[in-house]
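Participant: My questions all concern the structure below.
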Amino acid sequence: MDISQVAKQSGVAASRLRYYEEKGLIRAIGRDGLKRVFSPGILERLALIALGQSAGFSLDEIAGMLGRDGNPEIDKARLVEKADELDGRIKRLCAMRDGLRHAAQCSAPSYLECPKFQRLMQHAAKADKKQRQSGAARQNKPPR
């Protein structure tokens, strides 16, 4: 399939396909004139990339899991780690949802006078600080 066919069938823009190729996530098997040509297995590979991204993996992490020969080399411990991260995110989002619903119905004269809203703001500030620190730590971490 040429790049326009892959883009049409997958819903992934041709520019993104070229970027994925540059990052080593996919590989063209040749060219038809100026157009890149991909094997039919490209659609499955793109689905794996989409799954990885929806789970919160970076493109670099995904590239490390896809393997050069087309067979995924997925570290099961990393999957468990990512699942645990998602559990934490779900817990935080549920708390945020509940806090927002409370704030929408709170009888306090001002949101800033509502103790539950105050706790929600403090929790959000702590989570933001932790996320920024975690992001800085990941940038200094050697690649896997």
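Participant: Kindly indicate the residue of the range 63-122 that is closer than 20 Å to residue 45 by Cα and of a type in the set (Asp, Glu) and also surrounded by the fewest Cβ atoms within 10 Å (Cβ to Cβ) among those meeting that condition.
Facilitator: 69
Participant: Scan the range 57-68 residue by residue and report those that are modelled with pLDDT of 90 or more and assigned to a loop (DSSP other than H, G, I, E, B).
Facilitator: 57, 58
Participant: Restricting attention to the range 1-56, which residues are in contact with a strand residue (DSSP E or B) (Cβ under 7 Å, 6 or more places away or on another chain), among the small types (Gly, Ala, Ser) and under 17 Å from residue 71 (Cα atoms)?
Facilitator: Selection gives 28 alone.
Participant: Considering each residue of the range 27-55, count those that are of a type in the set (A, V, I, L, M, F, W, C) and under 30 Å from residue 87 (Cα atoms), and give that number. Working first, answer last.
Facilitator: Of the range 27-55, the ones of a type in the set (A, V, I, L, M, F, W, C) are 28-29, 34, 37-38, 42-43, 46-51, 55.
Cutting the leftovers down to under 30 Å from residue 87 (Cα atoms) gives us 43, 46-51, 55.
Result for the range 27-55: 8.
The values are calculated or read from the model by the stated rules, or taken from the named source; none is laboratory data. The model shown is predicted, which means the values in this text are computed figures rather than measured ones. Ideal geometry is used to build each Cβ from the backbone, glycine not excepted, and the neighbour counts take in all protein chains shown.
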